[in-house]
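What follows is calculated from the coordinates using simple rules that are stated; it is not laboratory data. Worth saying up front: this structure is predicted, and the values here are computed from it rather than measured. Note that we place each Cβ from the backbone using ideal geometry, even for glycine, and neighbour counts take in every protein chain shown.
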Amino acid sequence: MLERPIAFSLTFMVLFALSCAFLAVVDALPEPKKTHASGATASREARPPVVAGLSASPQVLPGLPVRIVAPTIGLDMPVSNPSSTSVEALDQALLSGTVRYPASALLGQEGGVLIVGHSSYLPVVHNQNFKAFNHIKELKEGDDVSVYSAEAEYHYRVVGVRLGKALASTPQDVVKLPDSGNGKYLVMVTCDSFGAKSDRYIVTAEFVGVYAL
């Protein structure tokens, strides 16, 4: 009596194995489920930093900034890199967004990366780039700022916001950037014009790490 159920079971197992083998050959087996990280997690958190803190790494070469982002104030602007420090050249570059001051450090170098942007509180402004840095005065200690090169994201954390008095004709003079031996950091400065001796908001942020894109 037991022979018939055993024979049936063996026949079923053989047929099941043959069916699975056939499905595998024709690539018809179901794919295993894959888990996907959320956009925020997959962006910075899913990427280990290439450089942490102030350590140097041969993997990342110094780069020119092309974009600056500060999420807490809705800032997302392009960064130009003029080669001249003349007032005319810098003011012209500011018409297209923010500007890295040519005499300051590159991303990844020791020293300060100085990025300047217009601020204007006129009720009507046709070129919105004149409002590029309107809200940097609202940044708080601990806020994140990211500056992008063509190959990496450089992550900074705000350590100070202050109003600089009109004592000099260029943002670099107002900031009085320390020597390069003081580490890597970012300085953001507002300006009306490079030739105007107006008060400027100055944001200083310390380097946290760099992430490959």
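Under a Cβ-Cβ cut-off of 11 Å, what is the net charge of the residues other than residue 157 that fall near it, where Lys and Arg count +1 and Asp and Glu count -1? List each step's numbers first, then the result.
Numbers: positive: 140; negative: 141, 143, 144, 206.
With Lys, Arg at +1 and Asp, Glu at -1, the neighbours total -3.
Just subtract the alpha-carbon distance of residue 206 and residue 121 from 0.36 nm times their residue separation and send over the number in nm, one decimal. It would help to have the intermediate numbers written out before the result.
Values: separation 85, 0.36 × 85 = 30.60 nm, distance 2.83 nm.
27.8 nm is the gain from fully extending residue 206 to residue 121.
What's the local net charge at residue 206, with K and R +1, D and E -1, over the other residues with C-beta under 9 Å away?
Working: positive: 157, 184; negative: none.
Charge balance in the 9 Å sphere: +2.
For the pair residue 157 and residue 81, what calculated FRET efficiency results from E = 1/(1 + (r/R0)^6), where r is the Cβ-Cβ distance and R0 = 25 Å, to the nearest 0.05?
On the way: r = 24 Å, r/R0 = 0.94.
Computed FRET efficiency for residue 81 and residue 157: 0.60.
With r defined as the distance between the Cβ atoms of residue 109 and residue 137 and R0 fixed at 30 Å, what FRET efficiency is calculated, to the nearest 0.05?
Details: r = 27 Å, r/R0 = 0.90.
My answer for the efficiency is 0.65.
Could you please rank 131, 140, 184, placing first whichever residue has the fewest other Cβ atoms within 10 Å of its Cβ? Write out the running numbers ahead of the final one.
Numbers: 131 16, 140 9, 184 24.
If I rank by nearby Cβ atoms, fewest first, I get 140, 131, 184.
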